[in-house]
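**Student:** Have a look at the structure that comes next, please.
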2 protein chains.
Amino acid sequence: MIGDMGRWEPNARGRLEQAALDLFSERGFDATTVKEIAERAGLTERTFFRHFADKREVLFGSSPLQESLVTALDAGPDTVAPIDAIAVALRVTADLLQERRELARRRQAIIDAHTELQERELIKLASLSSALADALRRRGVAEPAASLAAEAGIAVFKIAFVRWVNESNRQDLPELVQDALDELKAVTAGK
Amino acid sequence: MIGDMGRWEPNARGRLEQAALDLFSERGFDATTVKEIAERAGLTERTFFRHFADKREVLFGSSPLQESLVTALDAGPDTVAPIDAIAVALRVTADLLQERRELARRRQAIIDAHTELQERELIKLASLSSALADALRRRGVAEPAASLAAEAGIAVFKIAFVRWVNESNRQDLPELVQDALDELKAVTAGK
DNA sequence: CGGGTGATGACAGAGACTGTCATCGCTATG
DNA sequence: CATAGCGATGACAGTCTCTGTCATCACCCG
């Protein structure tokens, strides 16, 4: 418990996120009630739901990945092939994510332990894929190439991320992304 | 209402699925309570939860896709490239699915209207992808090629399926799958 | 016909989420 | 400095999902 702070203590949302992360780590997602999260943050259950649409969303509320990916994609020149534009965006974003490795690990451990959280993660990734496809279309890429390239990019990122989080030795995430992409190219080439 | 049937009317599970599909179509997913579904099927709410883990699962309980995909993959010769083995399995399964077009449309309309249902659909597809990757590994495909090929295959299937469901003119689903796969190959080749 | 077994009903209860209204702290404005 | 407005919070009641528990019912087996 942080202590009872009156109303208007700053950063209510951040306090809720921190409290949730701690409690989920300690007791697990199911064994933690929203009321408990709110109380640890010095707030009420009702206020929790004003900041987050549901109990799961507190783990997914701040995700700078989408912005980074889309920005990087829009920035690159329109001349390169879609898959290469995606490769660049993925590596830039991977580099960003790399700075928060411990937070990412902790969060992922919670998510991996609960199916409901995996569902939420998957739909966030789908939204990411959709945003990527939009950005590609803005670059003049037609359908279904845009959607396919976006889906392929997300798949590559997912697989690289899993390796990065699980390996105990610090491997470079952008490198893992590049490796996974090369593997995908090899596989789809029919080998 | 089907009428009040005593206990032991046959196919309780099927009646629940049918009642749910009808009610979700009529009123929407949120506006339908589990109690209403159960009553239309001549059962109680408690019994609903004995057949389905949660309210969403009633739409996903019977999915023969996974079995078909894995069976088809295991059946093919080990000599072909992973991506081609997947292509065959996808086309065989697409052909199966094609027979239930109207049911698929109705179901998909409900799913598309509710985020929570899309979450469940995505995790079912992830499970499918995982099963595909397992089957590939049984064929001797190494990681991460197996996972990447499986993810790519699911992406191809997803995009072909969307087109098949939305187009008013009856296009051949296996053909759409093949087209999407060819597109993916072109995209990952760097064009 | 009695016992066993599995499916169902009845009931209570926890917890997620929503609607509504009161209350609080800050700020602009006179 | 008073006060009115505004956004964030609290308080409270209520619905619905989902679970645990025990009784009851239909069927099958000997």
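The values are calculated or read from the model by the stated rules, or taken from the named source; none is laboratory data. The model shown is predicted, which means the values in this text are computed figures rather than measured ones. All Cβ positions, glycine included, derive from the backbone under ideal geometry; neighbour counts span all protein chains shown. Note: areas computed on protein heavy atoms with side chains; ligands, DNA, RNA excluded. Shrake-Rupley method; radii C 1.70, N 1.55, O 1.52, S 1.80 Å.
**Student:** Could you give every pair whose Cβ atoms fall below 7 Å, whose first residue belongs to the stretch B:22-40 and is within 20 Å of B:Ala104 (Cβ to Cβ), and whose second residue is outside any helix (DSSP H, G or I) and among the polar types (S, T, N, Q), counting only separations of at least 6 or pairs across chains?
**Tutor:** Short answer, once both residue conditions are applied: B:Leu23/B:Thr32; B:Phe24/B:Thr32.
**Student:** Looking only at the stretch A:169-191, which residues are in a loop (DSSP other than H, G, I, E, B), within 10 Å of chain B (Cβ to nearest Cβ) and open to solvent by 50 Å² or more (accessible area, probe 1.4 Å)?
**Tutor:** A:Ala189, A:Lys191 - these are the residues of the stretch A:169-191 that are in a loop (DSSP other than H, G, I, E, B), within 10 Å of chain B (Cβ to nearest Cβ) and open to solvent by 50 Å² or more (accessible area, probe 1.4 Å).
**Student:** Ok, one more. Could you tell me whether the stretch A:7-21 includes any residue that is in a helix (DSSP H, G or I), without any contact (Cβ under 8 Å) to a residue 40 or more places away in the chain, closer than 23 Å to A:Leu128 by Cβ and touching a helix residue (DSSP H, G or I) at 6+ places or on another chain (Cβ under 9 Å)?
**Tutor:** yes
**Student:** Something else now. For the stretch A:146-156, indicate whether the set of residues that are more than 9 Å from chain B (Cβ to nearest Cβ), farther than 30 Å from B:His114 by Cα and open to solvent by less than 20 Å² (accessible area, probe 1.4 Å) is non-empty.
**Tutor:** no
**Student:** Among A:Arg100, A:Arg91, which is the only one that is out of contact with any Phe, Trp or Tyr (no Cβ under 9 Å at 6 or more places or on another chain) and at pLDDT below 95?
**Tutor:** Working: A:Arg91 fails: at pLDDT below 95.
From the options A:Arg100, A:Arg91, the qualifying one is A:Arg100.
**Student:** Looking only at the stretch A:41-68, filter to residues that are assigned to a helix (DSSP H, G or I) and within 12 Å of DNA strand D (Cβ to nearest atom); which one of those is farthest from the other protein chains (Cβ to nearest Cβ)?
**Tutor:** Taking the stretch A:41-68 and keeping what is assigned to a helix (DSSP H, G or I), we get A:45-51, A:56-59, A:65-68.
Adding the requirement that they be within 12 Å of DNA strand D (Cβ to nearest atom) leaves A:45-51.
On the way: A:Glu45: 21, A:Arg46: 21, A:Thr47: 23, A:Phe48: 19, A:Phe49: 16, A:Arg50: 19, A:His51: 19 Å.
In this case the residue turns out to be A:Thr47.
**Student:** Kindly list the number of the only condition in (1) assigned by TED's automatic domain parsing to the domain that holds A:Asp182; (2) loosely packed, with under 15 Cβ neighbours inside 10 Å that fails for A:Ala53.
**Tutor:** (1)
**Student:** Return the residues of the stretch A:93-113 that are under 29 Å from A:Arg139 (Cβ atoms), part of a helix (DSSP H, G or I) and open to solvent by 70 Å² or more (accessible area, probe 1.4 Å); say none if nothing qualifies.
**Tutor:** Residues satisfying the conditions are A:Asp95, A:Leu96.
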